[in-house]
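Following: one structure in structure tokens, then a few remarks.
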Amino acid sequence: MTRFAESPRFAEPMSRLIEELRKLPGVGSKSAQRLAFHILRSSDEDADALSEAIRDLKSQLRLCSRCNNITDVDPCILCTSPLRNTRLVCVVEEPTNIASVEKTRSFNGVYHVLHGTLSPLNSIGPEQLRTATLLQRAIAGEIDEVIVATSPTLEGEATAAWLADELRMKCADTPLRITRIATGIPAGSDIEYADEVTLSRALEGRRNL
């Protein structure tokens, strides 16, 4: 009877760390093992610095009460900057998208983060998207233009159409302009991976929704 070699067994603390690292996006079993052994070989100071950074990340960061960006001060530095046009709002899916837009150096407004897109297959409906403060500000007449910069995926387009309808319905008595970034970003791609020139042109060529 053929005997197969058993999978390598690690001490319980190592196995537990590997299992936790495997939960990170894009980290498979082999990568998790390499990371775990790298941490094991690191100095105590480096290991402490890593664990402290993770603890601080969880304890000190929160969502901005105005735009839902991740921040350690509330409101965030973008919302309170005197150099930003607070009447121009760019709506993005995730906090990581803000960095992509900022790299273009062609947008001086503020942001609003939805933290997702409509996805019926994943049970994500309008009530799961963070739109409350955006709608409140728009209804109050505090916004001149909303740029919907969701990714040109099926979910992103559905979210853009729904949000535009919602804004038009609730802000019928205000002169609110609702625009969509142009299709300089290829259909089906993610805004997070767009280069600066492409995203800059998409912002410049935005259209009414």
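Restricting the stretch 177-191 to residues that are closer than 21 Å to LEU118 by Cβ and surrounded by 15 or more Cβ atoms within 10 Å (Cβ to Cβ), the residue that is modelled with the lowest pLDDT is ILE185. Could we say that GLU145 is at pLDDT 95 or above and in the same structural domain as GLY109 (by TED's automatic domain parsing) here? Yes.
You will find that of GLY141, GLY156, the residue that is touching a residue at least 12 places away in the same chain (Cβ under 8 Å) and either in a helix (DSSP H, G or I) or under 21 Å from LEU63 (Cα atoms) (or both) is GLY156 and no other. For the stretch 166-176, the tally of residues that are surrounded by 15 or more Cβ atoms within 10 Å (Cβ to Cβ) and assigned to a helix (DSSP H, G or I) stands at 2.
Can you name the residue in the stretch 132-165 that is among the hydroxyl-bearing types (Ser, Thr, Tyr) and touching a helix residue (DSSP H, G or I) at 6+ places or on another chain (Cβ under 7 Å) and is also nearest to TYR193 (Cα to Cα) among such residues? Only one residue tops the list, namely SER151.
Starting from residues that are within 16 Å of ARG207 (Cβ to Cβ) and among the hydrophobic types (A, V, I, L, M, F, W, C), keep the ones in the stretch 138-165 and report whichever is surrounded by the most Cβ atoms within 10 Å (Cβ to Cβ). Ranking the candidates gives ALA149 first.
For beta carbons closer than 6 Å, sequence separation of 6+ or different chains, a first residue in the stretch 56-77 that is within 13 Å of LEU114 (Cα to Cα) and a second that is part of a loop (DSSP other than H, G, I, E, B), the qualifying pairs are CYS64/ASP74; CYS64/PRO75; CYS64/CYS76; SER65/ASP74; ARG66/PRO75; ASN68/ARG130; ASN69/CYS76; ILE70/LEU61. From the list LEU199, LEU163, the one residue that fits, being modelled with pLDDT of 95 or more, in a helix (DSSP H, G or I), under 20 Å from VAL113 (Cβ atoms) and under 19 Å from the mean Cα position of the chain (by Cα), is LEU163.
Residue-level analysis places GLU155 among those that are at pLDDT below 95 and in contact with a Leu (Cβ under 9 Å, 6 or more places away or on another chain).
Within the stretch 88-117, the set of residues being polar (S, T, N, Q), part of a helix (DSSP H, G or I) and under 21 Å from TRP162 (Cα atoms) comprises ASN97 only.
Scanning the stretch 78-103 for residues that are under 22 Å from LEU199 (Cα atoms) and either over 17 Å from the mean Cα position of the chain (by Cα) or free of Cβ contacts under 8 Å to residues at least 24 places away in the same chain (or both) yields LEU83, ARG84, ASN85, THR86, ARG87, LEU88, ALA99, GLU102. The residues of the stretch 12-70 that are surrounded by 12 or more Cβ atoms within 10 Å (Cβ to Cβ) and of a type in the set (Val, Ile, Thr), listed by number, are ILE18, VAL27, ILE39, ILE70. In the set ASP48, ASP56, only one residue is modelled with pLDDT under 95 and not small (Gly, Ala, Ser); that residue is ASP56.
Applying the criterion of being outside any helix (DSSP H, G or I) and hydroxyl-bearing (Ser, Thr, Tyr) to the residues of the stretch 118-137, the residue that is surrounded by the most Cβ atoms within 10 Å (Cβ to Cβ) is THR131.
The values are calculated or read from the model by the stated rules, or taken from the named source; none is laboratory data. This structure is a prediction, so every number in the text was calculated from the model and none was measured. FYI the Cβ positions are ideal-geometry reconstructions off the backbone, even for glycines, and counts take in every protein chain you see.
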